[in-house]
Amino acid sequence: MNNENSNEEEDELVIKWFNKEVGDGENTILVYPNLQIFRQIYTNYFKDQLVIEGDKEEEQEENSEGEKYNKKNDDSKYNNKQSKSKRRIILVAPFYETTVSVKHHLQAFGVENTQRFVDDGSLVLVDAYQSFFPDINGLKKLIDSLSERARKEGRAGVTAIVDMGPFFMFGGDGSAKQLINYEASLAPKTQDGNVKGISCYHRRNYDTLTKADKEEISQGKRKKLFEVKERNSSNTRSSA
Amino acid sequence: LKDNKDNNDSSNNDNKSAARLLVVDDDPDIVQILQIGLQRNRFLVDAFTNPEQALQSFKSNASGYSLVILDIRMPELSGIQLARKVKEANPNVKIILMTAFEIRGNEFSKVFPSTAVDGFVQKPIGLSDLNKKVMSLIGYPKERISNDQD
């Protein structure tokens, strides 16, 4: 098996985990080996969820006809828009790159006109640090509001992909305690919840936690854990 | 760029007045650009993408470094944590923290005054501006030569 195939299989495993293993109302843990792979994860998931075939056809039509997306109003296009309104809301809260960089990477890896997803409320980008500090519950409040909006708009739900890097910024035992307390406040499963919560840990941060810390943040392994493997280096570049 | 420091230039440089700098950023592209840009200004530059390895290198020759440039947001050992350890090893070394993010007071309220940082720069920064910043902290080459002779 060549490197490209094994990397593609790993990508598919991650998407499968997001779609099949993580249910609505669940809070889970994902460990990623480096920033490049974190970027691949959110990009692949975003494309899987939001860039549907209809979009691609529409973009081609837009290009050929020079028409703008929001000016289309025939019945078939209207129906297509209806289905789009059921899209999940995807929240990405990066820590080791800026929100501008996330948009740049989405665009660079095939998501045309990323801004329109921001404009229609399907993509929400916030800096993880600014979401947790100074108000540790800031991100939870944001996710609650997105959850409510998703229900009101009849959307499929919310997926929150959040880098937990801010908790490792200052070091020391206090930070681990703060992280454990935060993770303890996220139930492994909420009945009737419409949010898939993915707490994402850079491998080099995760490995600084003791076995007991890891046990606590996973609430005795009641939270699902996915450890993404390091890729073969033929088409990925390690930041480490 | 490898995790290990790039010694291509620095170890061969026999200019005793050249200041030795340590650059640490987890983004290999940024490290490489800064390293080349600073070397052009005749600094001796040890560059790392892995903060733990950077710390080991620094500790092995702590008094040899004049200034360190650290990215703030790095996994395993952030620039803030690394700055503290570097200062412990050599209290005289100058430290510049670097970030691509908006610098806000609350992010650093936990850092000061426990960590003495000499400057901040916001990425992207022009190499000319960075060189000026470095020289403003450690002195211009002529000043450094004169200080060495004193």
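Rule-based calculations on the coordinates, nothing more; no lab input. On a predicted model such as this, the values are computed, not experimentally measured, just so you know. No Cβ is skipped: glycine too gets one built from the backbone with ideal geometry, and neighbour counts run over all protein chains shown.
Using θ = phi - 60° in the Karplus curve 6.51 cos²θ - 1.76 cosθ + 1.60, the 3J(HN,Hα) couplings for segment B:54-68 round to 4, 5, 4, 5, 4, 5, 6, 8, 4, 6, x, 9, 9, 7, 10 Hz; x is entered for Gly and Pro. Pairs from the list A:K16/A:K211; B:K94/B:K132; A:K103/B:K123 with a Cα-Cα gap above 19 Å: A:K16/A:K211. Across all Cα atoms of segment B:27-87, the radius of gyration (one decimal) and Dmax (whole number) stand at 11.3, 31 Å.
Packing order of peptides B:23-33, A:100-110, highest average first: B:23-33, A:100-110 (average count of other Cβ atoms within 10 Å over each peptide's residues).
The Rg/Rh ratio for segment A:115-174, using Cα coordinates for both the radius of gyration and the Kirkwood hydrodynamic radius, is 1.06. Using the Cβ of B:L77 as centre and a radius below 9 Å, the other residues enclosed give a net charge of 0, where K and R count +1 and D and E count -1. Computed 3J(HN,Hα) for segment A:213-222, one whole-Hz value per residue from the Karplus formula 6.51 cos²θ - 1.76 cosθ + 1.60 where θ = phi - 60°, is 4, 4, 4, 5, 5, 8, 6, x, 6, 6, glycine and proline marked x. Rg over Rh for segment A:130-212 works out to 1.01, both radii taken from alpha-carbon positions and Rh defined as the Kirkwood radius.
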